[in-house]
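Colleague: Have a look at this one before I ask anything.
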Amino acid sequence: MSPKLNKMTTNYQKATKRSIFIGILLIPLSSFWISNSEMVTGVTEITSTSLLIGAVFVLFLLMLVNVLLEKTVPDHALSGAEMLTIFVMLNIGMSINGIGMFGFLVTALCNPFWYATPENGWHDFFPEIPSWFVPQSKDAIQHLYLGESTLYRWDHLKAWAVPILVWSAFTFVLLWVMLCVNALLRKRWLEHEQLSFPITTLPVEMSLRERRFSDYLKNRYLWIGLLIAILIQTNNTLQYYYPQLPYIKVKPFDIGHLFSERPWNAVAGFPIAFHPCVIGLTYFIPLDISFSCWFFFLFRKGQQVLAAMISTGGGSVWGPSARYPAIAEQGVGAWIGLAFLVLWTGRKHLVQTLSIAWSGEPSDEPIHQRYAWLGLILGIIALVAFCSFAGLNAIVATIFILLFLLYMIGLTRIRSEGGVIWNFGPYINPPQLMVHLTGSRLLNQRDLTVLAYLQWFNLDYRCAVMPHQLEGLRIAHVGRIQRKSMFGLIVLAMIVGIAAAYWNVLRMYYIKGAGTPYVNLWRTNMGLIPYRQLRAWLDYPTYSGLDSLPFIGGGMLATFLLMFLRTHFLWWPIHPIGYAVGHSFIIDLIWTPMCVSWCLKKLVLQYGGIRAYRQAMPFFIGLLLGDYLSGCTFSLIGVILDIPMYRVFPN
């Protein structure tokens, strides 16, 4: 290693053994919490936000314990870097167990077998489903859905052994490929472009700058924000049990009924919300991005009204229409365009990483560029081979994996630069987009069946792991934790998280029953969507949907144009991230609190400057923390007492 690199790396510290041990211990405990709160009692979804509610709650408790340790036994207190290490590991582990990941996997695998009837014809799929995808025991599947049993029976464990190994390996390789992409993009986004990473602001303030955060606890503005959020959520929780009490409307409520005349009724739903946590987090998002997000929500609604006026009738936003305004297609174009844009602007950096990989010169990256590129290429080959062994055409499989990675790069860019509190992808996910553009007539039944099975991690991106991985590397950069050490800890958290998630979900479903009223059936029902679509693809074969391409291309061109204007005119106020967010479901339920926060931040900066901005920070941290702490407190009460509770966030 060169002296320059050696000097750079010696300034960073390795993760300590006790922080690793605490992180490993907390992952299965948090998985137990997730399974019993989100999937049983139906209380606040602690993994539904970009800045995970449950992880922040645990970090807050660690901080309080640490303040006590510093006053009593300071030698045993955790350092800021140690708390950040624990937070990153917890983030990775919790996201794997959350919405859109293992929260969907188990029931998505078995739903065709349990819900098949002569009427829906799902039995037709059975010959096309590889035997190693799902348990081959009818008894194991029956007890999974009916409950009142246990995972710890030999016949159940035997039935699940192969599917657990198969899908655990697939998930690990998928996460590994995303981690390799992050390793290659890290330097460009963190050091060259210096993206703001708003999601990491609060955990860094709570741990790395713990002493300053302890001062925050003495700040009256923090307590004002904290009390506002806690009192609102406490009142609404009491109203949940005592309906005679007044309800404070902070969750989305629709005012679309006010637009009853044509063409204004084309806006359809028009939700209004005032989530304190969204107002709090948006304060840390750059003004041009927060403005663009809510602006493009209104712009999208305007397009729907315009379409009604000119009688093109663009139809529902929930699928391709190939008619103006084609909101779903625009969203796809915006997300893919955003991914292409960041790859194009970072092309010199990527070429440099290839050069370093080829020459083998020393590197201070989390993993050497040679192994990052090899890991990426071999990982993609492994994923394509998995799909091919399952019966999916190799070309279709390759396109699917690459398209999914483009979606993830777009999402990670949105999170890294925009920090939006909720993650949803475009209205058309990769398998749906491929079938639509190709036409279900041109794909055989095996191809369509495997694509349906691969929708489980494409139905909801709220717990997509790739943004958490890059945020972990950013936290290591800010917290001066050795990058290689953090990279290894992320891999370790992935392994522990997969094992803990599988164990907790199966354990819980065998007790409660995945098809009974004793669980939150929304997750089970989400796993029905791919097979209803599969039945429709087979019953109503479609021709190629190439007529949607002009709208997808238009979305991409609009993204490129917005970036060009932003980089060439300093006064230009609109950001392409807002266009991508505004044409997806992310923004529908949070546009109002983002608008409120943008207005407040704009006023603070305009009339008080950066000093006033910093003075107001504790208030907005209080709003965010108040929502998170009250949500987690009521969640734990629901888990302990095994009762339903008011859901602080989201709906």
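The values are calculated or read from the model by the stated rules, or taken from the named source; none is laboratory data. Just so it is clear, the model here is predicted, and its values are computed rather than measured. Here the Cβ positions follow ideal geometry from the backbone for every residue, glycine too, while neighbour counts run over all protein chains shown. Surface areas here come from the heavy atoms of the whole protein model, side chains and all, with no ligands, DNA or RNA. Shrake-Rupley method; radii C 1.70, N 1.55, O 1.52, S 1.80 Å.
Colleague: Determine, yes or no, whether residue 281 is more than 23 Å from residue 575 (Cα to Cα) and either aliphatic (A, V, I, L, M) or in contact with a His (Cβ under 8 Å, 6 or more places away or on another chain) (or both). Can you show your working first?
Modeller: On the way: more than 23 Å from residue 575 (Cα to Cα): no; either aliphatic (A, V, I, L, M) or in contact with a His (Cβ under 8 Å, 6 or more places away or on another chain) (or both): yes.
No, not satisfied.
Colleague: Step by step: first the residues of region 549-558, then only those that are in contact (Cβ under 8 Å) with a residue 60 or more places away in the chain and surrounded by fewer than 22 Cβ atoms within 10 Å (Cβ to Cβ), then the one that is farthest from residue 445 (Cα to Cα). Which residue is that?
Modeller: Our first condition is that a residue be in contact (Cβ under 8 Å) with a residue 60 or more places away in the chain; within region 549-558, this holds for 549, 551-558.
Right, trim to surrounded by fewer than 22 Cβ atoms within 10 Å (Cβ to Cβ) and you get 549, 553-554, 556-558.
Values: 549: 25, 553: 29, 554: 32, 556: 32, 557: 35, 558: 36 Å.
Once the filter is applied, the top-ranked residue is 558.
Colleague: Among the residues of region 641-651, how many are outside any loop (DSSP other than H, G, I, E, B) and open to solvent by less than 10 Å² (accessible area, probe 1.4 Å)?
Modeller: First pass over region 641-651, keeping only residues outside any loop (DSSP other than H, G, I, E, B): 641.
Next cut, open to solvent by less than 10 Å² (accessible area, probe 1.4 Å) only: none.
Here the count works out to 0.
Colleague: Let me ask something additional. Looking for something open to solvent by less than 20 Å² (accessible area, probe 1.4 Å), modelled with pLDDT of 75 or more and assigned to a helix (DSSP H, G or I) - is there at least one such residue anywhere in region 6-18?
Modeller: Among the residues of region 6-18, not one is open to solvent by less than 20 Å² (accessible area, probe 1.4 Å), modelled with pLDDT of 75 or more and assigned to a helix (DSSP H, G or I), which makes the answer no.
Colleague: Residue 174 versus (1) touching a helix residue (DSSP H, G or I) at 6+ places or on another chain (Cβ under 6 Å); (2) of a type outside the set (Ser, Thr, Tyr); (3) in contact (Cβ under 8 Å) with a residue 60 or more places away in the chain: which is the lone unmet condition?
Modeller: The single condition residue 174 does not satisfy is (1).
Colleague: A further question on this structure: Exactly one condition in (1) over 16 Å from residue 86 (Cβ atoms); (2) open to solvent by less than 40 Å² (accessible area, probe 1.4 Å); (3) not basic (Lys, Arg) is not met by residue 32; state its number.
Modeller: (2)
Colleague: Ok, one more. Which condition from (1) within 17 Å of residue 326 (Cα to Cα); (2) surrounded by 14 or more Cβ atoms within 10 Å (Cβ to Cβ) is the one that residue 546 breaks?
Modeller: Only one criterion is unmet by residue 546, namely (2).
Colleague: Could we say that residue 592 is in contact with a strand residue (DSSP E or B) (Cβ under 9 Å, 6 or more places away or on another chain), open to solvent by less than 20 Å² (accessible area, probe 1.4 Å) and either in contact (Cβ under 8 Å) with a residue 40 or more places away in the chain or charged (D, E, K, R) (or both) here? If you could, list the steps in order and put the result at the bottom.
Modeller: Numbers: in contact with a strand residue (DSSP E or B) (Cβ under 9 Å, 6 or more places away or on another chain): yes; open to solvent by less than 20 Å² (accessible area, probe 1.4 Å): yes; either in contact (Cβ under 8 Å) with a residue 40 or more places away in the chain or charged (D, E, K, R) (or both): yes.
Judged against the criteria, residue 592 is a match.
Colleague: State all residues of region 511-565 that are at pLDDT below 90 and either assigned to a helix (DSSP H, G or I) or within 16 Å of residue 116 (Cβ to Cβ) (or both); if no residue qualifies, say none.
Modeller: 521, 522, 523
Colleague: Does residue 273 satisfy the criteria of being among the small types (Gly, Ala, Ser), open to solvent by less than 10 Å² (accessible area, probe 1.4 Å) and at negative phi? Spell out how you get there, then give the answer.
Modeller: Numbers: among the small types (Gly, Ala, Ser): yes; open to solvent by less than 10 Å² (accessible area, probe 1.4 Å): yes; at negative phi: yes.
It is true that residue 273 is among the small types (Gly, Ala, Ser), open to solvent by less than 10 Å² (accessible area, probe 1.4 Å) and at negative phi.
Colleague: Go through region 604-632 and report how many residues are free of Cβ contacts under 8 Å to residues at least 40 places away in the same chain and on the phi < 0 side of the Ramachandran plot. Walk me through how you get there before you give the answer.
Modeller: Just the residues of region 604-632 that are free of Cβ contacts under 8 Å to residues at least 40 places away in the same chain, to begin with: 604, 606-614.
Retained after the next criterion (residues that are on the phi < 0 side of the Ramachandran plot): 604, 606-608, 610-614.
Qualifying residue count, region 604-632: 9.
Colleague: Got a number for residues in region 459-490 being open to solvent by less than 30 Å² (accessible area, probe 1.4 Å), β-branched (Val, Ile, Thr) and more than 22 Å from residue 649 (Cβ to Cβ)?
Modeller: 3
Colleague: Considering only region 631-638, I want to know if a residue exists there that is at pLDDT below 95, closer than 20 Å to residue 420 by Cβ and either of a type in the set (A, V, I, L, M) or under 20 Å from the mean Cα position of the chain (by Cα) (or both). Show your work before the answer.
Modeller: First, pick out the residues of region 631-638 that are at pLDDT below 95: 631-638.
Now restrict to residues that are closer than 20 Å to residue 420 by Cβ: 631.
If we keep only those that are either of a type in the set (A, V, I, L, M) or under 20 Å from the mean Cα position of the chain (by Cα) (or both) too, we end up with 631.
Among the residues of region 631-638, at least one is at pLDDT below 95, closer than 20 Å to residue 420 by Cβ and either of a type in the set (A, V, I, L, M) or under 20 Å from the mean Cα position of the chain (by Cα) (or both), which makes the answer yes.
Colleague: I'm trying to understand the selection: among the residues of region 240-270, which are in a loop (DSSP other than H, G, I, E, B), surrounded by 11 or more Cβ atoms within 10 Å (Cβ to Cβ) and not aromatic (Phe, Trp, Tyr)? Lay out the reasoning, then the answer.
Modeller: Of all residues in region 240-270, those in a loop (DSSP other than H, G, I, E, B) come to 242-252, 255, 259-263, 268-270.
Checking which are surrounded by 11 or more Cβ atoms within 10 Å (Cβ to Cβ) leaves us with 245, 247-252, 255, 259, 263, 268-270.
Answer for region 240-270, where residues must be in a loop (DSSP other than H, G, I, E, B), surrounded by 11 or more Cβ atoms within 10 Å (Cβ to Cβ) and not aromatic (Phe, Trp, Tyr): 245, 248, 249, 250, 251, 252, 255, 263, 268, 269.
Colleague: Just give me the residues in region 342-379 being closer than 30 Å to residue 443 by Cβ and open to solvent by less than 30 Å² (accessible area, probe 1.4 Å), in sequence order.
Modeller: From region 342-379, those closer than 30 Å to residue 443 by Cβ are 343, 376-379; that's our starting set.
Listed by number, the residues that qualify are 376, 379.
Colleague: Still on this structure, I have one more. The conditions are (1) on the phi > 0 side of the Ramachandran plot; (2) surrounded by fewer than 24 Cβ atoms within 10 Å (Cβ to Cβ), and residue 437 fails exactly one of them. Which is it?
Modeller: (1)
Colleague: Another question, then. Tell me which residues, restricted to region 568-589, are open to solvent by less than 30 Å² (accessible area, probe 1.4 Å) and assigned to a helix (DSSP H, G or I).
Modeller: Once the filter is applied, which keeps residues that are open to solvent by less than 30 Å² (accessible area, probe 1.4 Å) and assigned to a helix (DSSP H, G or I), region 568-589 yields 576, 577, 578, 579, 580, 581, 582.
Colleague: Still on this structure, please answer the following. Please indicate, with yes or no, whether at least one residue in region 309-317 is in a helix (DSSP H, G or I), surrounded by fewer than 21 Cβ atoms within 10 Å (Cβ to Cβ) and aliphatic (A, V, I, L, M). Let's see the steps before the verdict.
Modeller: Keep residues of region 309-317 that are in a helix (DSSP H, G or I), which gives 309.
Remaining after also requiring surrounded by fewer than 21 Cβ atoms within 10 Å (Cβ to Cβ): 309.
Remaining after also requiring aliphatic (A, V, I, L, M): 309.
Checking region 309-317: at least one residue is in a helix (DSSP H, G or I), surrounded by fewer than 21 Cβ atoms within 10 Å (Cβ to Cβ) and aliphatic (A, V, I, L, M).
Colleague: Of everything in region 595-640 that's surrounded by fewer than 14 Cβ atoms within 10 Å (Cβ to Cβ) and basic (Lys, Arg), which residue is nearest to residue 231 (Cα to Cα)?
Modeller: Per the criteria, the residue is 614.
Colleague: I would also like to ask the following. Any idea which of 399, 377 is without any contact (Cβ under 8 Å) to a residue 24 or more places away in the chain and within 26 Å of the chain's Cα centre (by Cα)?
Modeller: Only one candidate passes the filter, namely 377.
Colleague: Could you grab me the full set of residues in region 402-422 that are over 17 Å from residue 333 (Cα atoms) and open to solvent by less than 10 Å² (accessible area, probe 1.4 Å)? Write out each step before concluding.
Modeller: To start, the set of residues in region 402-422 that are over 17 Å from residue 333 (Cα atoms) comprises 415-422.
Within region 402-422, 415, 416, 418, 419, 420, 421, 422 qualify.
Colleague: Do you know which of the residues in region 491-500 that are among the small types (Gly, Ala, Ser) and surrounded by 18 or more Cβ atoms within 10 Å (Cβ to Cβ) is farthest from residue 17 (Cα to Cα)?
Modeller: By that ranking, first place goes to 500.
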